[in-house]
Structures are given as C-alpha cells and as structure tokens.
1. Are there any pairs, at least 6 apart or on different chains, whose C-beta atoms fall under 9 Å, with the first in the stretch 134-152 and in a loop (DSSP other than H, G, I, E, B) and the second of a type in the set (Val, Ile, Thr) and modelled with pLDDT under 95, and if so, which?
2. Restricting to the stretch 9-25, what's the tally of residues that are in a helix (DSSP H, G or I) and farther than 18 Å from Ser54 by Cβ?
3. So which of Ala84, Ala71, Ala30 ends up being surrounded by 23 or more Cβ atoms within 10 Å (Cβ to Cβ), in contact with a strand residue (DSSP E or B) (Cβ under 6 Å, 6 or more places away or on another chain) and assigned to a helix (DSSP H, G or I)?
4. Look through the stretch 175-195, keep the residues that are assigned to a helix (DSSP H, G or I) and touching a residue at least 12 places away in the same chain (Cβ under 8 Å), and return whichever of them is surrounded by the fewest Cβ atoms within 10 Å (Cβ to Cβ).
Amino acid sequence: MRIGISIATMQLTRDHREGARNIVERAGRAGEAGLDSLFVGDHHVTAAPYYQNSPVIGRILAEWDDRDCGALYLLPLWNPVLVAEQTATLACIAQGRFILQCALGGEREQSEGMGVSHRHRRTMFEESVDLLRRLWSGETLDHDGHWQLRGARISPVPPEPIDIWIGATADVAIERAAQLGDGWLGDPGSLFDATRHQLSVYREACEKSGTGEGAVALRRDVFVGQSVADANRRMAPYLGNYRGFDPEALIVGDIALVAERLNDYKELGFTDVLIRNISRDQDEALATIERMGRVKEQL
C-alpha cells in the first residue's frame with residue numbers, strides 16, 4: 001500500500017504569502033520523508049483563504065520528483081476544456097504520473113457562487129469525464145450538452161494517459177465510480193466498518209460491469225506525535241469539532257499506533273492512503289509528515 005499526502009490548501013494565516021509558503025514547505029517535507037504521492041484539493045467561494053489547485057500543484061511540483069502527483073477537481077464547477085488544458089499542462093510539468101481526482105461537489109453555495117446548476121451536477125459530472133478523455137486523446141470535438149462546444153481541442157496533450165480517480169461515498173455514486181473511473185477515492189470521514197462496506201460495493205460494481213478494479217484510495221486525517229499521550233494532548237482541541245467528523249475517523253497516535261491503524265486498511269486491500277494534516281500548526285504538520293515516513297517504513 002502506497003502512502004501519499006493531500007496537502008491542506010486552506011491556510012488560516014493573516015499573511016497570505018505565509019500560507020503559500022506553508023504549502024510549499026509541506027510538499028518539500030513530504031518528498032524528503034519518502035511519501036509516495038502528492039495531491040491537493042479543490043474548493044471555491046470560500047470565506048477562509050483557500051489556495052487554488054492548478055497553480056498550487058504547479059508550484060509544488062518543483063519540490064517533487066517522478067513519484068505520482070495530482071489534484072482534485074469538482075468537475076461540475078469547471079468548464080471541461082479548461083480542466084483538460086490545465087491538467088494536460090500539469091502532466092507535462094510533472095516528472096511522473098499525473099492523476100486527476102474528481103467529485104461532484106455537494107455544497108450548493110459553491111455551485112451558486114460559480115454560476116452553475118447544482119441540480120444537474122450528476123449529469124454534468126458524467127459528461128465532463130467523457131469530454132476530458134476525448135480532449136486528452138487529441139480529439140477536436142463539437143458537443144451539445146451542458147456545455148456547448150465547437151471545435152474544442154487542447155494542446156499540448158498529456159505525455160501519458162491521465163488516470164481518473166472518482167471520489168464517492170453513497171453506494172450509487174461508488175457504482176458510478178466503478179463504471180466511469182480508473183479508481184475510487186474513499187470518504188475521509190467514514191468509519192472503518194463503513195469504509196469496508198464501501199470497498200465491497202466498489203469491488204462488486206467493478207465485477208458486475210466488467211471494468212476490472214482500479215486504484216482504491218482513501219484519504220485519512222492524521223496526527224503523529226512523539227507518543228500516544230503527546231498526540232492525544234495536542235489534538236484534544238480538534239477532536240470535538242473537526243470537519244464534522246466522528247473522532248473515530250481520525251488517526252491520532254505515535255508512529256507504531258498510526259502504522260497499526262493504517263495496516264488495517266492495507267489488509268482490506270486499499271492500494272493508496274492519502275494522509276491529510278489535522279493540525280493547522282505548521283511545526284506540528286511538518287513533524288507529522290516527517291514521522292509518516294517512518295510509519296511508511298513500518299508498513
């Protein structure tokens with residue numbers, strides 16, 4: 001099982017350049033720790049500073065090598081030609097494989113703020129996935145649907161195929177991920193038993209559709225302390241109100257305990273776990289990333 005990182009690009013700093021420096025520093029530390037992949041997320045119309053995915057991943061690839069990398073795009077919020085252009089360019093910048101993570105985007109405020117239909121986001125998502133693959137392949141296309149395209153094409157095209165990992169939580173959405181995607185990206189807030197059920201849904205859907213299993217990846221929010229007591233003490237302020245998650249969905253402990261928790265997902269059959277920092281403190285985040293290298297060694 002590969003251990004990667006999804007770097008938090010919401011940075012609650014008064015100095016917005018400091019927030020950007022924090023992201024770059026975390027990427028560099030993840031590379032030094034030997035983590036297997038590097039990703040950033042996607043969010044829009046935010047009150048707090050959220051550094052946007054395409055420019056951020058383009059910058060932090062300077063801190064990376066030929067290991068996997070990529071970014072999440074909430075596809076219904078984006079013009080598919082723009083996503084195809086930006087991800088193809090990023091794939092050319094990357095030294096290794098570029099992976100597109102994607103999801104519907106469930107927040108109505110984002111859709112309304114971006115001027116797109118929230119009600120039609122499912123069909124917009126499916127349409128976008130198809131258009132992306134056609135554009136990446138070098139096709140010039142006309143299209144009448146949610147987007148009206150005439151003579152749409154991109155250049156450069158990706159130097160190698162871009163895999164699509166689809167984030168999904170509900171059974172029907174996981175089944176759609178099995179049909180449309182090259183991998184499934186699990187819910188970071190799901191508890192272990194729910195995650196096990198979701199993985200079984202994905203596998204059954206792959207078998208039923210005859211697509212074959214792709215990557216099965218899971219985001220987990222993590223803090224690795226010097227000891228279990230140290231980790232629990234430092235994370236106590238977060239555990240009661242963290243993203244609306246059940247505290248049991250979080251992984252908090254020392255190197256041995258975090259490795260033990262992640263090994264449970266390895267035994268389920270996950271190919272990738274992408275850690276996200278719980279702590280907003282830069283020193284604590286960097287220490288967790290460094291210790292995750294030692295967790296990876298234990299796994």
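1. Close Cβ pairs (under 9 Å, with a partner that is of a type in the set (Val, Ile, Thr) and modelled with pLDDT under 95) amount to His146/Val116.
2. Final tally of qualifying residues: 5.
3. Numbers: Ala84 fails: in contact with a strand residue (DSSP E or B) (Cβ under 6 Å, 6 or more places away or on another chain); Ala71 fails: assigned to a helix (DSSP H, G or I).
The unique qualifying residue is Ala30.
4. Of the residues in the stretch 175-195, the ones assigned to a helix (DSSP H, G or I) are 175-180, 192-195.
Restricting the remaining residues to those that are touching a residue at least 12 places away in the same chain (Cβ under 8 Å) gives 175-180, 192, 195.
Details: Glu175: 19, Arg176: 20, Ala177: 27, Ala178: 24, Gln179: 15, Leu180: 18, Phe192: 13, Thr195: 22.
Within the stretch 175-195, the match that is surrounded by the fewest Cβ atoms within 10 Å (Cβ to Cβ) is Phe192.
Listed here are the residues, each with its yes/no results for (1) modelled with pLDDT of 95 or more; (2) out of contact with any Asp or Glu (no Cβ under 6 Å at 6 or more places or on another chain); (3) acidic (Asp, Glu).
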| site | (1), (2), (3) |
| --- | --- |
| His16 | yes, yes, no |
| Ala27 | yes, no, no |
| Gly31 | yes, no, no |
| Asp42 | yes, yes, yes |
| Ala47 | no, yes, no |
| Tyr51 | yes, yes, no |
| Asp65 | yes, yes, yes |
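Okay, residues lined up against (1) in contact with a strand residue (DSSP E or B) (Cβ under 9 Å, 6 or more places away or on another chain); (2) free of Cβ contacts under 8 Å to residues at least 24 places away in the same chain; (3) closer than 18 Å to Gly225 by Cα:
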position	(1), (2), (3)
Arg243	yes, no, no
Pro247	no, yes, yes
Asp254	yes, no, yes
Leu262	yes, no, yes
Ile278	yes, no, yes
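The values are calculated or read from the model by the stated rules, or taken from the named source; none is laboratory data. Keep in mind the model is a prediction, meaning the values are calculated, not measured. Using ideal geometry, Cβ is built from the backbone for each residue, glycine included, and neighbour counts are taken over all protein chains shown.
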